[in-house]
Each structure stands twice: as C-alpha cells, then as structure tokens.
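One structure is given here, and the rest of the page talks about it.
Where a number appears in this text, it was derived from the coordinates with a stated rule and is not lab data. Keep in mind it's a predicted model, so treat the numbers as computed, not measured. Every residue, glycine among them, receives a Cβ derived from its backbone with ideal geometry; neighbour counts consider all protein chains shown.
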Amino acid sequence: MTDYPQEPDEEPVLILPPGFLRHPVHLLAFGFGSGAVPRAPGTWGSLAAIPLWYPISLLPELAYWLVILVAFVVGIWLCGQTARALKVHDHGGIVWDEFVGMWIVLGFFPETYYGVLLCFVAFRLFDVWKPWPIDWIDERTPGGLGIMIDDVLAAVMALGVIWAAELWLVPELL
C-alpha cells in the first residue's frame, strides 16, 4: 500500500536528485549517506548503525531505551518526509529504520564481537526475508510508520532466534 501515485508498471526512480543529501532530514533518513550505496543499502545502513550504537550502549539502561524510542518516533517523521520527497513509499536508501532495528537487537546482548555479528546477521535475515506478519504489516501500514515498523518487527524476530541460539545452541559465544 502506498500513498504515492505511480503507474502500475512504472519502476520507482532510485537516483537521488542533485544535492538531496544536503538536507539534514534526508541525510539522517539515508543513515548519514550509508543508504546511498547503490548495492544493498539496507546492509550498509545496518553496518553503519553499529559504530553509532556503541556510545549509546554506554548509557544507563533506561536512557538507552529512551534514546531508541525517540529514534523510532523521530524516524517515523524522517522516513515519511524523505519518502514523500522521493515520491516512493520505502526507497531502498532510507535506512534510518535499519539503524533503529539494529539498536533494538544490539540492546539485548553483551558487547562481544560474536554477539554483534550474530545480531547483525539475524537482523538482516529477517529484514530481507520479511516473514509473516512482517510482510503483511509492511504492506498495510502507510507512511513513515510503515517504513519503521517492519524493521522493529524484524528486530523482534531476530531476538527470538538469538535467544534460542543462546539457550540451546551456542551459549558460550554470547
């Protein structure tokens, strides 16, 4: 479901207008430019979220989750504004949602290299795969909320897999 008129067989234009990322809203929505990579922008956005996560992770737990909540709410607006400017519901380069999804998953695990790697792989798996109900909700939720919510759900599903792995498969890695 989109809020933007497009011809049924018309492909969205993925080329950014000149100077597009000079606008602070679009720069943030594009993950400080990480979403402008032509191949796999969601993966690059997820990777770019990791170094930004570390200083946030040093906050007290309540402050950490408040930052994540603010990032989610602000992300609804950022992503919605950028999608409207590009006239595409969920342009692949909009990766602020990947930042928030990664921060959610990373917020539950110790700061080990294996834990970060496992969080990254599990989150990307569910973000790309979009199993039910992620795909169902993604198709029916318009605007910035629709852009953000599928990554939150992918983070929740990734957490479920990671917790199962931690309990039964490889507890010594986390």
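Highest GNM mean-square fluctuation, the chain, Cα pairs closer than 10 Å: which of T141, T112, T43?
Highest fluctuation of the listed residues: T112.
Work the Kirkwood hydrodynamic radius out for segment 104-170: mean of 1/r over every pair of different alpha-carbon atoms, inverted, in Å.
Numbers: mean 1/r = 0.0812 Å⁻¹.
Every distinct Cα pair counted, the radius reaches 12.3 Å.
So between L117 and W77, what do we pick up on full extension, going 0.36 nm a residue minus the alpha carbon distance?
Full extension of this stretch gives 11.5 nm more.
Tell me, in nm to one decimal, what length is gained between A165 and W129 on full extension, where the rule is 0.36 nm per residue of separation less the Cα-Cα distance? All intermediate terms of the calculation are to be shown ahead of the outcome.
Numbers: separation 36, 0.36 × 36 = 12.96 nm, distance 1.90 nm.
Using 0.36 nm per residue and subtracting the Cα-Cα distance, I get 11.1 nm.
Just to be sure I understand the model, the point goes 7 Å from the Cα along the line to the Cβ. What's the resulting L58 to A85 distance in nm?
Result: 3.1 nm between the two label points.
What ranking do 155-163, 99-107, 78-86 get when scored by the average of other Cβ atoms within 10 Å per residue, highest first?
99-107, 78-86, 155-163
Return the loop-located GluC sites (Glu not before Pro) in segment 70-174 (DSSP other than H, G, I, E, B) with at most 12 other Cβ atoms within 10 Å of their own Cβ; answer none if there are none. Don't skip to the answer; put the middle values down first.
Details: sites: E98, E111, E139, E166, E172; in loops: E111.
Sparse-neighbourhood loop GluC sites (Glu not before Pro): E111.
To the nearest 10 degrees, how steep is helix 143-164 against the longest Cα principal axis of the chain, on a 0 to 90 scale?
20 degrees
Rounded to a whole number of µm²/s, how large is the Stokes-Einstein D of the chain at 37 °C and 0.692 mPa s, given Rh as the Kirkwood radius over C-alpha pairs? All intermediate terms of the calculation are to be shown ahead of the outcome.
On the way: Rh = 16.5 Å.
This corresponds to a translational diffusion coefficient of 199 µm²/s.
By how many degrees, between 0 and 90 and to the nearest 10, does the Cα long axis of helix 96-106 differ from the longest principal axis of the chain?
10 degrees
May I ask you to evaluate 6.51 cos²θ - 1.76 cosθ + 1.60, the Karplus curve with θ = phi - 60°, for each residue of segment 61-77 and list the ³J(HN,Hα) values in order in whole Hz, giving x for glycine and proline?
Once rounded to whole Hz, the list reads 3, 4, 5, 4, 6, 5, 4, 5, 4, 4, 4, 5, 5, 5, x, 4, 6.
When the helix-only estimate is applied to the chain (DSSP H runs of n ≥ 4, each -39,500 (n - 2.57), divided by the residue count), what is the mean residue ellipticity at 222 nm, nearest 500 deg cm²/dmol?
That comes out to -20000 deg cm²/dmol.
Please compute the net charge surrounding F72, taking Lys and Arg as +1 and Asp and Glu as -1 over other residues with Cβ under 13 Å from its Cβ. Intermediate results must be reported in sequence, preceding the final value.
Numbers: positive: none; negative: D97, E98, D150, D151.
Result for the local shell: -4.
Can you tell me the 0 to 90 degree angle between the C-alpha axis of helix 41-57 and the longest principal axis of the chain, rounded to 10?
The angle comes out at about 50 degrees.
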